[in-house]
Amino acid sequence: MYHKLIRTEDYRYILPEERIATYPEEDRDQSKLLVFRNNSIHETRFFNLPDLLPPDSTIIWNNTKVIPARLQFNKATGALIEIFLLEPALPSSYITVFSQRKSCEWKVIVGNQKKWKGEHLTRAAVFEDRNVELTVEYVDNNNKSQVLLSWTPEDLTFAQILDIFGKTPIPPYLKRESVEGDKVRYQTVYADFDGSVAAPTAGLHFTSDLIELLKQQNISFDSVTLHVGSGTFIPVKSSTIGEHIMHAETVIINKATIQNLLVLTPDKLTVVGTTSLRSLESLFWLGNKLNDNPNIDSNCLTVDQWVPYNTDQPISSKEALGSVLNYMNDWNLDHLEFVTRLLIVPGYKFKLVHRLITNFHQPSSTLLLLVSALVGEKWREIYDYALKNDFRFLSYGDSSILEIPS
């Protein structure tokens, strides 16, 4: 399979440190916007987006909400221990864990782990004139990747506990501590469901006023939920992409969204961010899987990273979406929750997506490979233009709107 032989070094470019935006623009929609359409490039500002989209079309974005995933504790010795939340373990559902009271378990990364032997660590704060205490301990001292978090008063939800004690998990490449402003700016204005440890950054450029202008152009909005994990920051370290293990992420899609996708043509769909794109393309491959096995157990609702490249004759997009809807009807589901490891690399054939809004990504990253899959070898021309014309890069940087070349 030639996709596995793609060389990581072919997707490197020189990104000067000063081109990485360490803070956001003062006004979200004032960011620069690179437009790649009909094999040509020009630039504008994000607030001009209504002029670039077809009337009566649909925007789909990722409505996940970044949680304050960094919890810091001090040992009696003064050593700082950081608990970085990755995904819920007990309860394992994102839908229920944030309403949990008294305690919950999470899979985590522990910062300064060598200094922590597993003893209980505690923090205290005052919230609404009440004394609040949060305690962390290992679930199993032999497995130091899962912790038990417990708190008092026990009537507080875990969402409230995170608001009290958590810090915004801004990307490590910003090389700074989070500040108060990150709580708002490292969050889309339409964020709705807690779960991400990294923002779906393509959506950071939208404002409420811009959304209103788009609505006046009869552009509608729909959403998916993909809780972005820390794996999004893991670089491709292998010499070929075939050696890279793609991280898993949870996708949640409502039945009504899938029904809308059935009647949308690709030219009438604009997808905001690589996470939204990956969710929709994963939905297709899940539908292809359900078409072959409509009675599959709900625990097997997964999409493997190489499935597109191992499938000779996938069904049509309408058949795939229809298979998903049939499954949901059979199980009386109003939303579908599944896990994807889908890896989109050059040579991938897009099934649902034609137009993507996205920021500028790190060299040799899976996100850059995804962009290359969409626009082909033009990715280098696009990135060269951005570098030469003062575009700001990465999470707090500028944006682009890219279409598959005709």
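Suppose a student asked you for the relative contact order of the chain, using Cα pairs under 8 Å spaced at least 6 residues apart; what percent would you report?
Details: 811 pairs, mean separation 96.5, N = 406.
So the answer I get is 24 percent.
Just name one of Gly181, Leu262, Trp306: the one whose Cα is farthest towards the positive end of the charge dipole of the stretch 162-307 (beta-carbon charges, Lys/Arg +1, Asp/Glu -1).
The residue sitting farthest along the positive end of the dipole is Gly181.
Considering only protein heavy atoms, with the full assembly of protein chains and a 1.4 angstrom probe, order Glu180, Glu82, Glu43 by accessible area, largest first.
The ranking, largest first, comes out as Glu180, Glu43, Glu82.
How much solvent-accessible surface does His361 expose, in Å² to the nearest 10, with a 1.4 Å probe and all protein chains in place?
20 Å²
Quick check: pseudo-label points 7 Å beyond the Cα along Cα→Cβ at Leu387 and Glu128, how many nm apart are they?
Modelled inter-label distance: 5.2 nm.
Roughly how many percent of the accessible protein surface of the chain is carbon and sulfur, given a 1.4 Å probe and a whole-percent answer?
Ligands and nucleic acids excluded, carbon and sulfur reach 47 percent.
For helix 317-330, report the angle its Cα long axis makes with the longest principal axis of the Cα atoms of the chain; keep it between 0 and 90° and round to the nearest 10°.
With both axes taken from Cα atoms, the answer is about 40 degrees.
7 Å from Cα along Cα→Cβ at both Ile14 and Leu80: what's the point-to-point distance in nm?
3.4 nm
Pick out which of Glu133, Glu26, Glu87 has the largest mean-square fluctuation in a Gaussian network model of the chain, springs linking Cα atoms closer than 10 Å.
Most flexible of the set in this elastic network: Glu26.
Leaving ligands, DNA and RNA out of it, rank Val139, Val324 by accessible area with a 1.4 Å probe, largest first.
Val139, Val324
Per residue, how much accessible area does the stretch 213-315 show when a 1.4 Å probe rolls over the protein heavy atoms, in square angstrom? Walk me through the numbers on the way to the answer.
On the way: 4370 Å² over 103 residues.
Accessible surface, normalised per residue, equals 42 Å².
How many nm separate the modelled label positions at Ser40 and His354, each set 7 Å beyond the Cα in the direction of the Cβ?
Result for the modelled spin labels: 1.9 nm.
Using a cut-off of 21 Å between alpha-carbon atoms, which lysines can reach Lys255, once sequence neighbours fewer than 8 places away in the same chain are excluded?
Qualifying lysines at Cα under 21 Å: Lys65, Lys268, Lys289, Lys318, Lys351.
Heads up, I need the accessible area for Asp330: 1.4 angstrom probe, whole protein in place, Å², nearest 10.
Rounded to the nearest 10, the figure is 120 Å².
Assuming 0.36 nm per residue, please report the length gained on full extension of the stretch Glu119 to Asn295 beyond their Cα-Cα distance.
58.8 nm
Any idea of the accessible area per residue across the stretch 110-187, 1.4 Å probe, to the nearest Å²?
Ligands and nucleic acids excluded, the result is 54 Å² per residue.
When the label point is put 7 Å from the Cα of Glu243 along its Cα-to-beta-carbon vector, which residues of the stretch 282-315 have a backbone N closer than 20 Å?
Those under the cut-off are 305-306.
Could you report the accessible area of Thr157 in Å², rounded to 10, computed with a 1.4 Å probe on the protein chains as they sit in the structure?
20 Å²
Given (1) -0.79, -1.04, -1.16, -1.28; (2) -0.90, -1.12, -1.24, -1.35; (3) -0.86, -1.18, -1.34, -1.49, which label gives log10 I(q)/I(0) by the Debye sum over Cα atoms at q = 0.11, 0.13, 0.14, 0.15 Å⁻¹ as computed from the coordinates?
Given (1) -0.79, -1.04, -1.16, -1.28; (2) -0.90, -1.12, -1.24, -1.35; (3) -0.86, -1.18, -1.34, -1.49, the structure-derived one carries the label (3).
The values are calculated or read from the model by the stated rules, or taken from the named source; none is laboratory data. Just so you know, these numbers come straight off a predicted model, no measurement behind them. Glycine also receives a Cβ, built like all others from the backbone with ideal geometry; neighbour counts cover every protein chain displayed. Just so you know, the surface numbers come from the protein's heavy atoms only, side chains and all, with ligands and any DNA or RNA stripped out. Shrake-Rupley method; radii C 1.70, N 1.55, O 1.52, S 1.80 Å.
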